[in-house]
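Data first, discussion second: the structure below is written as structure tokens.
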């Protein structure tokens, strides 16, 4: 349904999207994951015909985004980041406008509005001004306008940002439902969200595609790394520094505090006897140790591993605005 | 055309649900009223006529029309709604045209309200209705040119104040270069320069309308070609944003 081939987008000297290619088919829920400013929004803007890539090609349901942009836009329901809506309009008027602008036949408009209003549960808000809605309801109105023409493809840029946990769960459930009949593509910088509902994950960093696969296959990518959790009582900066010098250690982070003890998560290359090394370092320094246990590699580890090697290009985020 | 109509209706409702249209209409009527009573000094004229009252249209438009057009694109760019609008299956010229027509409608409503002046004057003295009608045709066309310019300027920036000020300056210059003293001064610098630039000036063309002359070949061509040029420019700016 969506074929992206080798797209590049530059903003001045910054490369926001750097030779990204992927294909997505029907019935997939594709999560676009990456740190802020990685080029997620820029890629989505190219797919939705808001901007044009400098090179490469994108086709959506067989229509090229440059030559057949209107057809592409007809089959996509899009909700940009931060949910821009006309705040002076009433919800019902806004949905009517969206229905007409998205080419819903006049006779179908009333039923289309009913359908999306039920789907996102905004019955009680119809007569209110969009500008007076809470953030959660705003987001739902944004989803409603994206769904009004019953598009085969739904593209959402950070649909859950700024929502409270209940709202996030509701939106996730809605996306999971929609994913049964549509291709849903959404971006997020929150890993849990993506791993909770996506059938496939694409990780982007500094404009490059660094990983593409199902949550399970990505987890397998972390197979060459092992991790330990150690609960240590000692001066934090020194503990971090000494543990970091251990054989094969890639990263050390504090994940919890328990009284004077800190829980450190240490990742190292597999086969370097991490547990034994950690114990040796702790005893050599005379720190207290209350527990030391192996830690399973989660998706989060893969993500951190793939995206942490250097700080993301902030200028790309600023340019992508 | 259905799409133009959809966007047009949204724009119109946006003008009239916010105070902007009402403020514009009031400001316009007040400024023109001041012209009528003080500058034109209607009641002190030996031979009452409305020519200098109508003569105030180009300058008043230049000062106030940017307040109507500044929001057309800048507001949407700032709020991000442009992204949603331009990713809907709409052609960019449809959006450009709809926005232009919505601004035009606000001016049309205002012009209709200013009819109270010639109508009430007609109660006191006999008016040459031909001149009144041609003046209104001229004002309507002039407004179209100014709105097209204001809208194109607004497409360049996401800051409404910048759009307002730049459009004001441009329209003021456009008014100025058609003004006879300016034309003469420019002709003195380089013969023909003043007249050449003067063709683009709004006031020189408008002069004929308030004299009651409808020059199809010149003044209408001027108005429609200026509108077309700036609407096309507007469309180019909107499309260019993609790159």
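The values are calculated or read from the model by the stated rules, or taken from the named source; none is laboratory data. Bear in mind the structure is a predicted one, so any value in this text is a computation, not a measurement. Ideal geometry is used to build each Cβ from the backbone, glycine not excepted, and the neighbour counts take in all protein chains shown.
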Pick from segment A:104-126, criterion within 14 Å of chain B (Cβ to nearest Cβ) and assigned to a loop (DSSP other than H, G, I, E, B), ranking: farthest from the chain's Cα centre (by Cα): A:105
Over segment B:98-109, the set of residues more than 15 Å from the chain's Cα centre (by Cα) and away from chain A (no Cβ under 12 Å) is none
Take the residues of segment A:64-76 that are under 24 Å from the mean Cα position of the chain (by Cα) and more than 8 Å from every other protein chain (Cβ to nearest Cβ): which is surrounded by the fewest Cβ atoms within 10 Å (Cβ to Cβ)? A:75
Kindly indicate which of B:231, B:197 is touching a helix residue (DSSP H, G or I) at 6+ places or on another chain (Cβ under 6 Å), modelled with pLDDT under 85 and assigned to a helix (DSSP H, G or I). B:197
Looking only at segment A:90-103, which residues are within 11 Å of chain B (Cβ to nearest Cβ), out of contact with any strand residue (DSSP E or B) (no Cβ under 7 Å at 6 or more places or on another chain) and in contact (Cβ under 8 Å) with a residue 40 or more places away in the chain? A:94, A:98, A:99, A:102, A:103
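The rows are residues; the columns are (1) surrounded by fewer than 21 Cβ atoms within 10 Å (Cβ to Cβ); (2) more than 10 Å from every other protein chain (Cβ to nearest Cβ).
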position	(1), (2)
B:3	yes, no
B:17	yes, no
B:37	yes, yes
B:55	yes, yes
B:61	no, yes
B:65	no, yes
B:78	yes, no
B:81	yes, no
B:89	yes, no
Could you grab me the full set of residues in segment A:77-89 that are under 26 Å from residue A:186 (Cβ atoms) and either buried (at least 19 other Cβ atoms within 10 Å of the Cβ) or facing chain B (nearest Cβ under 7 Å) (or both)? A:77, A:78, A:79, A:80, A:81, A:82, A:83, A:84, A:85, A:86, A:89
Out of (1) surrounded by fewer than 17 Cβ atoms within 10 Å (Cβ to Cβ); (2) facing chain B (nearest Cβ under 9 Å), the one residue A:50 does not meet is (1)
Residue A:169: in contact with a helix residue (DSSP H, G or I) (Cβ under 8 Å, 6 or more places away or on another chain) and either at pLDDT 85 or above or assigned to a helix (DSSP H, G or I) (or both), yes or no? no
For segment A:184-243, the count of residues that are within 26 Å of residue A:6 (Cβ to Cβ), assigned to a strand (DSSP E or B) and in contact with a strand residue (DSSP E or B) (Cβ under 7 Å, 6 or more places away or on another chain) equals 16
